[in-house]
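> The following block contains the structure, expressed as structure tokens.
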Amino acid sequence: MARWLLKSEPFVYSFNDLLREAEGIWDGVRNYQARNNLAAMKPGDEGLFYHSNLGKEVVGLMRIVSDPFPENGFPDGPWVAVRVKPIRLLRQSVSLARMRTHPDLHDLALIRHSRLSVIPLTELHFHTILALENEENLEEPAFPDGSSIMQGNRASTAPGKGASTAPSHRASTAPSHRASTAPVKNTTT
């Protein structure tokens, strides 16, 4: 089983959107290196869901549930997509700032190639990031009012409660992913 880190802008498509939809399609990757990583995925692989731009934090765990397939609108290539399902929201998000300071993550591609939207992880990277969700006093990125992108969303994803609502408009220039029936484009590299 391979491990991955997949990035999406939370104001376009957040982990809570994936939780609400129960299954999504990771598509819209327009960088060949990221596309090659997406094309290497297999059902059963696990991925960390990373909120890019706003938040800059790992917030959830998901599973790849399909082989790569031609992205809708590109039947003859070169772009591919995979189906994903959420596993769980992290107990607390793991910020990029915290990952930068951990010695086991010094060679993490997220730090070295910050623009890449689909990143392979080693077992050490994957398990270290998951261990950081349990670290006391974990620093979360804050907005000017002191809140975190996920603070308000954690309560809404508690058992028996629905996830927060998705944005009503998805910008065509930012990454997004779609439920199994609604097309949306992801243009992050």
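> Can you tell me which residue in the stretch 81-104 is nearest to the chain's Cα centre (by Cα), limited to those that are closer than 20 Å to Met1 by Cα and of a type in the set (A, V, I, L, M, F, W, C)? Full working, then the answer.
Taking the stretch 81-104 as the starting set, the residues that turn out to be closer than 20 Å to Met1 by Cα are 81-88.
Subset that is of a type in the set (A, V, I, L, M, F, W, C): 81-82, 84, 87.
Details: Ala81: 14, Val82: 13, Val84: 10, Ile87: 12 Å.
Of everything passing the filter in the stretch 81-104, Val84 is nearest to the chain's Cα centre (by Cα).
> To continue, here is another question. Show the residue pairs that are 6+ apart or on different chains and have beta-carbon atoms under 6 Å apart, the first residue being within the stretch 80-100 and over 14 Å from Gly55 (Cα atoms), the second being among the hydroxyl-bearing types (Ser, Thr, Tyr) and surrounded by fewer than 21 Cβ atoms within 10 Å (Cβ to Cβ).
Matching pairs, first to second residue: Val82/Ser66; Arg83/Ser66; Leu89/Thr157.
> Another question, if that's okay. Just to be sure, is Ile64 at pLDDT 95 or above, within 19 Å of His127 (Cβ to Cβ) and either crowded, with 21+ Cβ neighbours inside 10 Å or of a type in the set (S, T, N, Q) (or both)?
yes
> Quick one: which residue in Phe74, Phe11, Phe15 is in contact (Cβ under 8 Å) with a residue 40 or more places away in the chain, over 16 Å from Pro120 (Cα atoms) and surrounded by fewer than 19 Cβ atoms within 10 Å (Cβ to Cβ)? So that I can check it myself, show each step before the final result.
Details: Phe74 fails: in contact (Cβ under 8 Å) with a residue 40 or more places away in the chain; Phe15 fails: surrounded by fewer than 19 Cβ atoms within 10 Å (Cβ to Cβ).
That would be Phe11, the only listed residue that is in contact (Cβ under 8 Å) with a residue 40 or more places away in the chain, over 16 Å from Pro120 (Cα atoms) and surrounded by fewer than 19 Cβ atoms within 10 Å (Cβ to Cβ).
> Consider the stretch 93-105. How many of its residues are surrounded by 18 or more Cβ atoms within 10 Å (Cβ to Cβ) and either at pLDDT below 95 or not polar (S, T, N, Q) (or both)?
Counting residues in the stretch 93-105 that are surrounded by 18 or more Cβ atoms within 10 Å (Cβ to Cβ) and either at pLDDT below 95 or not polar (S, T, N, Q) (or both) gives 5.
The values are calculated or read from the model by the stated rules, or taken from the named source; none is laboratory data. Since the model is a prediction, treat every value here as computed from it, not as a measurement. Using ideal geometry, Cβ is built from the backbone for each residue, glycine included, and neighbour counts are taken over all protein chains shown.
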